Amino acid sequence: MSTDKSTQTTHDAEEDARNRDIKIYVNGDIVHRDDAKVSVYDSGFMLGDGMWEGLRLYNGKWAFFDEHMDRFFNSCKTVSLDVGMTKDEILDALNRTAAANGMTDNAHCRMMLTRGIKDKPFQHPGLSRSGPTMVIIVEHSKPADSLMSKGIRLATVPQVRGLPMSQDAKLNSHSKLNCIIACLQAEAAGADEALMLDPHGFVNTTNACNFFIVRRGEVWSSTGDYCMNGVTRQKVIDLCRDNGIPIREKNYSLYEAYGADEAFLTGTFGAQTPVASIDEKSIGDGERPMTKRIRQLYKDLIDRTTRSA
Ligand SMILES: Cc1ncc(COP(=O)(O)O)c(C=O)c1O
């Protein structure tokens, strides 16, 4: 059991003083972060009414740009949010923002689109009369090395992943309250991140990443219901299939998670982050050969896809 109680998150990055002066894209303008502002009447600020994507820049290219755009446009269509830009125009905006900051690598982007500025401070989407609002923040970002060596401590929490007819977990919406409540519960339990169950009690996902376990040479993830359709999750599944690693998307319980040989999280920011413990029970012996293998396969994939023309 880990005795180190210092707080960490899966999005811990090395300190980079350059982020103090980055330039941010706001509706076509690229301005110093101190001048990057949206209205208090903005639908995103007021109601969490918006969609976002997290992307990473490697070798001057946005990794898996098409996959991120598929999810983004699908999410926006689902909530009748008119993007107002084509995929190519978004790519141009992302590239202009990175160029304005002199970034080609080790950079992480949060691209956010809201329904725009409301006429009145009420919920009805029809009150969002001028929009949308597009903001692109790109930060210098190198995941902290300590995450790889120490691993993340998870705690299972009472907050569950809901059914798709309440708020579909596939919507990467500005409103993340379900996940934030879960994260607060995990923090109160002394952990770094929350392991969330589905409404039937099967292990599903964490509050900010997708979740995998390794058991007896097989890699397991949830069925994919109730969790974010993570781009990194799908890449890991595809890499396993392409490299002869047994991969199963299935229901399983905490029984199998506690007894796993390895566990890891996936997300655009940290790629694959090892899990040290769940509910203070150590996972495996800390060697993590499968996690290391998958990390290397993923790194190679990024290299291949971002270095090609
Ligand atoms: C709740 C949640 N799970 C998982 C992920 C990881 O998705 P991806 O691999 O596309 O970054 C995200 C990222 O947006 C997320 O918000």
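Points to keep in mind about this one:
- In segment 128-150, residue nearest to Ile30 (Cα to Cα) [restricted to those that are in contact with a Gly (Cβ under 7 Å, 6 or more places away or on another chain) and assigned to a strand (DSSP E or B)]: Thr133
- Test for Leu113: is it modelled with pLDDT of 95 or more, of a type outside the set (Gly, Ala, Ser) and crowded, with 21+ Cβ neighbours inside 10 Å: yes
- Meets criteria (crowded, with 21+ Cβ neighbours inside 10 Å and free of Cβ contacts under 8 Å to residues at least 60 places away in the same chain) for Leu81: yes
- Matching residues, segment 76-104, being assigned to a loop (DSSP other than H, G, I, E, B) and acidic (Asp, Glu): Asp82
- When restricted to residues that are closer than 12 Å to Glu139 by Cα and of a type outside the set (A, V, I, L, M), segment 82-124 contains 9.
- Qualifying residue in segment 126-134 (condition: of a type in the set (A, V, I, L, M), at pLDDT below 95, within 30 Å of Leu57 (Cα to Cα) and in contact with an Asp or Glu (Cβ under 9 Å, 6 or more places away or on another chain)): no
- Candidates Ser175, Ser149 - the one that is among the polar types (S, T, N, Q) and within 15 Å of the ligand (Cβ to nearest atom): Ser175
A quick yes/no check of all residues on (1) farther than 29 Å from Cys76 by Cα; (2) free of Cβ contacts under 8 Å to residues at least 12 places away in the same chain; (3) surrounded by 21 or more Cβ atoms within 10 Å (Cβ to Cβ); (4) among the basic types (Lys, Arg):
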| residue | (1), (2), (3), (4) |
| --- | --- |
| Ile152 | yes, no, yes, no |
| Gly162 | no, no, no, no |
| Ala169 | no, no, yes, no |
| Cys179 | no, no, no, no |
| Asp192 | yes, no, yes, no |
| Thr206 | no, no, yes, no |
| Ile213 | yes, no, yes, no |
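Yes or no, residue by residue, for (1) more than 11 Å from the ligand (Cβ to nearest atom); (2) in contact with a Leu (Cβ under 8 Å, 6 or more places away or on another chain):
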site: Asn204; (1), (2): no, yes
site: Gly217; (1), (2): yes, no
site: Trp220; (1), (2): yes, no
site: Gly224; (1), (2): yes, no
site: Thr232; (1), (2): no, no
site: Lys235; (1), (2): no, yes
site: Asp238; (1), (2): yes, no
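- Exactly one residue among Gln123, Gln185 is within 16 Å of the ligand (Cβ to nearest atom) and not charged (D, E, K, R), and that residue is Gln185.
- Of all residues making up segment 71-86, the number that are more than 13 Å from Met134 (Cβ to Cβ) and of a type in the set (D, E, K, R): 2
The values are calculated or read from the model by the stated rules, or taken from the named source; none is laboratory data. This structure is a prediction, so every number in the text was calculated from the model and none was measured. Note that each Cβ is placed from the backbone with ideal geometry, even for glycine, and that neighbours are counted across all protein chains shown.
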